[in-house]
Every structure is written in C-alpha cells, then in structure tokens.
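Below is one structure; the comments refer to it alone.
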Amino acid sequence: MDPLSLLPLARATRPSLPVAAAAAPPRSGKLRACGGGARIAPTRCRRAARLSASAVAAETPRTEDAPSPSPSGQEQFDWLDQWYPFAPVCDLDPRAPHGKTVLGLDVVAWFDRGAGEWRVFDDACPHRLAPLSEGRIDDKGRLQCVYHGWCFDGAGACKFIPQAPALGPPVHKNSKACVASYPCVVQNNILWFYPRAEPEYKEVLQRKRPPLIPEIDDPGFVTVYGIRDLPYGYDILVENLFDPAHVPYAHKGIMRGIRKKEDPGRVDYDKEGGGPIKMKVEEANIEGFVSSQERGYFQFIAPSTLVGSPFAQPQEGKKTPRILLLFFCVPVAPGRSRVIWAFPRNVGVWLHNITPRWLYHVGQNLILDSDIFLLHLEERKFAAAGLDNWQKACYVPTSSDNMVIAFRNWFRKFCKNQVGWATPQVDQLPPTPTKDQLMERYWSHVVQCTSCSAALKAMKALEVALQIASVAVIGFLAIAKGTLVTSTVQRAVVVSTAVLCFAASRWLANFIQKNFYFQDYIHAYK
C-alpha cells in the first residue's frame, strides 16, 4: 500500500498534535539514526573571504533578540533561524561526501569516522573554492579536496596542505584555511543542519530543535523515506501539498478520489470522484497553522514540515491504525525546491518488510511526475501576475482551498511573499526546459536514493545478461545443429529461449527508462 495514495483521505476532527514543538528541550541520551548519530560539530572556523549563510546572517536579527517588525509593524519570519533537512541518513553513503543546495546555500555533508558523526560544511575549499562535495574521505577519515589535496577535520580546520613544506611555516593553521562548519543533528533518521556558522550558534541545539515526529522512532511503526528535486519553487510545492482537491484530477489513473455521498442537492457527479472537502484552519501564527478536517488533520510547522493523518488519534486501550503523511519542503533556489517524504505507519508492517524500497518510489515518483509540468507553468503565471496579487489573480471560493489560502496568508504576512535566501539570489525564474528534462527522474531522484541506484545497477546488469544469453543461445544452436540439437522440437525450444531472453531484455530496458529516467504523463488520455 502506497501511503501517498491516502492523501485525499486526510479529512477529520483534529486530534492532539503528535509533533513535538520545534523549540523543545533536547532529550538526554543518543539520537537514533539509520547511519550513525550526529551531534553539534565542535568549534568552527570561518573564512571572511567566503560569502556564506554566516555573512548574510549578520544582517538578520537573532531569535534571542526582539524580532524586527516590518514597516507595518508585523513580525517577520527569520529563515536563517531554522533547521533544514539535508537528506534521509539511509540515502547518505558514509564513504563519500554529498553536496546539496539548501536555501540558496551550497553545502556538503560527510561522515566523520573519528567522531562517528555527520558534518555539514560550506561546499567550497578555501584554497580555490573547488567543491568539496566532489572530494573524498581520505585514509585518516578527513574530508579531502581532490583539486589540490587539502584535508579538513570534523571542525572544519585544515589539517594538511600537501604543497606546504613540512619544515616551513604552518600555513594550514591560518584561519583562512578553515571551512565554515554548520550545526547539524540526526533526528528521526534525517540529517538536519542549521544555516549559521558563527561561534555563538555552535550550541543552537540546546535552544531550538527540528520538529520531532515520535511515530518514526516508535518500534511499532515502519517508515518509507524518499527524496526528489523539483523544477518549481518552495511556495508552489507547499501550496500543492496542501491541496487535496487536486488529487483525483491531476493524478488521475494513479490516485482515486473518495466520492462524497452526503452532499444535499448534488445531481452532477464526475467519474474522478471529486467533491466538497470541509476543513477549518486554526492556530495560525508565525510558526504555522493547523487544519482540522472531516477525518484527520494537517499541520504546517514553518518553514519546512507538513504532517497529517487520515485517521483519528488513538484511543487509550485501543490499537488504532495510524498512517502519517509527512513532507519536508526544502527551498533550494528560485524556481527549485526539494521534497523529502516519510510515511510512518503501524499497519501493513509485514508488507513493508517484503517490499523493496525502490518499488515504493516507482509509484511515488509517478505521482510527482503527473503534476510537475502543471506546477512549473503555474509558477510562471503567478510570477507574471505578482505574488502580492495572488488573492486577486486566483479565484478560491470553496472550503477545499482553505489550507492553500492559509499558507498564502502566512507567506504574505510573515515573509512578504519571499524566501529569505542564505546567499544572494537572482530574483528570476530559470527558463523552462523541455518536458523530458522537467520530468527526468535520474538526477532529481535516483542518484540521491541508495535503493533506486542499487536497483538500477542490478537491472542494467540483468538486461545485459539477458542480451548475452539470447546471443549465446543462438550461437549454441548454430554450433550444435546436427549433433546435440537434432529434432525440430529441440530447435524450437532453443529458438524460443533466445527469443524470450531478448524480449525480456527489451521489456526490462523499457521498464528502466520509464521508472528511472523519464515517463511522460498526458492528462488528456487518462
């Protein structure tokens, strides 16, 4: 069962919220993770020459201080005083560095074997700004830049410059040789980082934590993780995830709507199963909002976390089925975003144990594909109209749009319809590429997913093996004709085997292309 298919079911009386407050005090003991724990990195070095989140953060008020009001006196959301998800730890190989862009900031995550922790650095070597994400982990467990071999420890300090004479001045100890290191933590099996590297933020975890989802750490639950880059911006991503009414139409043939039987006066029905969705937005403030619905709830924890459930809160003494729909929306750059999903559930556990993770991703990527082109073009229409005119340009008269409206109000009221990028960004959308480039899966998902990468490698090997087998069988028939293969039936069996091997290789090649590279979705034929 694909938990994403339950999105249209998320309608209910809101239960008590399962998400711990973002500023909850840290727990004692070690954090659980699927690839090694991570704590706040030790003392960090900074380079004044490198423009990073640290430089921009200097212009942003600290949370401990009084928030700066906007010209209208409204409190403004501080984008730099937040934790951002980097990736599920199960998709991070501790043998190599991993680069990503988050909030306009290029960062690299790597596993520090000496400390047994993940680290997040600026993705630029202080020598000539080469990307450290293209580097390696050396035999001493340090992050090595592969341009000139400079090596850095877990604190960002340079430990070795090959070009510096051993008996010469210790130039590697100069502060300019250090890399900015950001606070990071593994929580709920996801690596999070905080985009400020100044020394005063070294212990930020003591003051503020990422949102905690207790169900993920509950041994009675299983969780499917996934990650994908998307060719539209953060606000479009959040708005779309808060719009259950689009599901039976934009994802027709993949996800079904639940026909609403109780709708007095209705005489016109459609086969998609759409209908009114009652939802009530409450507790809206700068930290987000909650929407109670007919059979569940949804909560927005600004800026990244969306969590909802299609079931009511468990009652004491009863085992209630629980499935959480959890999305982390990451602003990457203008016109680009990233979604990380996690679907904790305590039902169908046996199915989870026998279903490979990549097979879940096949269906989940198809769902994302089916509205990518719509949302990419929609974003450009919003930009042409101006986000300040969103309420005037869009006609949203029904209750099913209430969460979309609530998010747009939050984005306008507390963010002035802008993401607070950590580095200077060109305030314009990238050009629209071809549809196959917009909907490609390999770079946007497969290379970031250990399960899909492994499955793709295995399938390609099997495809080659089937092709070789088909040729080998025909060769065997030619050599053994008149000796081992004497009857018509034997020849027919050998030829059939060759044909089946070749047909299987062609089918597998088509399966690989559609599920790991590109599959078009044409709404008119669904």
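Accessible-area rank, largest first, for T305, T223: T223, T305, with all protein chains present and a 1.4 angstrom probe. So which trypsin sites (Lys or Arg not before Pro) in region 102-133 are both in a DSSP loop and have at most 14 other Cβ atoms within 10 Å of their Cβ? Taking region 102-133 and a limit of 14 other Cβ atoms within 10 Å, the loop trypsin sites (Lys or Arg not before Pro) found are R128. Equivalent-ellipsoid semi-axes for region 407-493 (Cα gyration tensor, √(5λ), whole Å, largest first): 60, 13, 12. Computed with a 1.4 Å probe over protein heavy atoms only, the accessible area of M255 comes to about 10 Å². Packing, as the average of other Cβ atoms within 10 Å across residues, places the peptides 355-368, 160-173 in the order 355-368, 160-173, highest first. For region 377-526, the solvent-accessible area with a 1.4 angstrom probe is 59 square angstrom per residue.
Students often get this wrong, so check it: of K271/K526; K392/K416; K392/K413; K381/K526; K140/K176, which have C-alpha atoms separated by over 19 Å?
Numbers: K271/K526 12 Å; K392/K416 16 Å; K392/K413 16 Å; K381/K526 25 Å; K140/K176 22 Å.
Result: K381/K526; K140/K176 exceed 19 Å.
In this structure, the amide hydrogen of G273, modeled 1.01 Å from its nitrogen in the peptide plane, lies closer than 5 angstrom to no residue at least 5 positions away or on a different chain. Tell me which residues come under 5 Å, amide H to amide H, from V146 once H is placed; ignore anything under 5 positions away on its chain. Those lying under 5 Å, H to H, from V146 are G135, R136.
Around the amide H of T305, modelled in the peptide plane, lie the amide H atoms of C329, all under 5 Å away and 5 or more residues distant in sequence or on another chain.
Using Cα centres only, tell me the gap between region 189-262 and region 149-168 in whole Å. With region 189-262 and region 149-168 each reduced to a Cα centre, they are spaced 39 Å. Computed from phi, the 3J(HN,Hα) profile of region 405-420 under the Karplus parametrisation 6.51, -1.76, 1.60 (θ = phi - 60°) reads 5, 4, 5, 4, 5, 5, 5, 6, 5, 9, 10, 6, 6, 9, 7, x Hz, with x in place of Gly and Pro. At 25 °C and a viscosity of 0.890 mPa s, what translational diffusion coefficient does Stokes-Einstein give for region 177-300, taking Rh as the Kirkwood radius over Cα pairs? Give it in µm²/s as a whole number. Result for D is 130 µm²/s.
Using a 1.4 Å probe over the heavy atoms of the protein chains, calculate the carbon and sulfur portion of the accessible area of region 408-482 as a whole percent. After summing per-atom areas, the C and S share lands at 64 percent.
Ranked by the mean number of other Cβ atoms within 10 Å per residue, highest first, peptides 238-244, 439-445 order as 238-244, 439-445. Please turn the phi angles of region 108-115 into ³J(HN,Hα) values with the Karplus equation 6.51 cos²θ - 1.76 cosθ + 1.60 (θ = phi - 60°), one per residue in order, whole Hz, x for glycine and proline. 3J(HN,Hα) across region 108-115, in whole Hz: 10, 10, 8, 9, 7, 5, x, 9.
Using a/c under 1.5 as the rounded threshold, could you call region 142-241 rounded, prolate or oblate? The axes a ≥ b ≥ c are square roots of the C-alpha gyration tensor eigenvalues, and prolate needs a/b larger than b/c, oblate otherwise. Prolate.
Computed with a 1.4 Å probe over protein heavy atoms only, the accessible area of K159 comes to about 100 Å².
Rounded, prolate or oblate for region 374-526? Axes are the square roots of the Cα gyration tensor eigenvalues, ordered a ≥ b ≥ c, and the cut-off for rounded is a/c under 1.5. Walk me through the numbers before you get to the answer.
On the way: a/c = 4.55, a/b = 3.26, b/c = 1.40.
Cα axes put region 374-526 in the prolate bin.
For region 79-90, 3J(HN,Hα) computed residue by residue from phi via the Karplus equation (6.51, -1.76, 1.60; θ = phi - 60°) reads 5, 8, 9, 9, 8, 10, x, 8, 5, x, 5, 5 Hz, glycine and proline entered as x.
The values are calculated or read from the model by the stated rules, or taken from the named source; none is laboratory data. In this text the structure is predicted, and so the values were computed from the model without any measurement. Note: ideal-geometry Cβ built from the backbone for every residue, glycine included; neighbour counts use all protein chains shown. Keep in mind that these areas ignore ligands, DNA and RNA; they rest on the heavy atoms of the full protein, side chains included. Shrake-Rupley method; radii C 1.70, N 1.55, O 1.52, S 1.80 Å.
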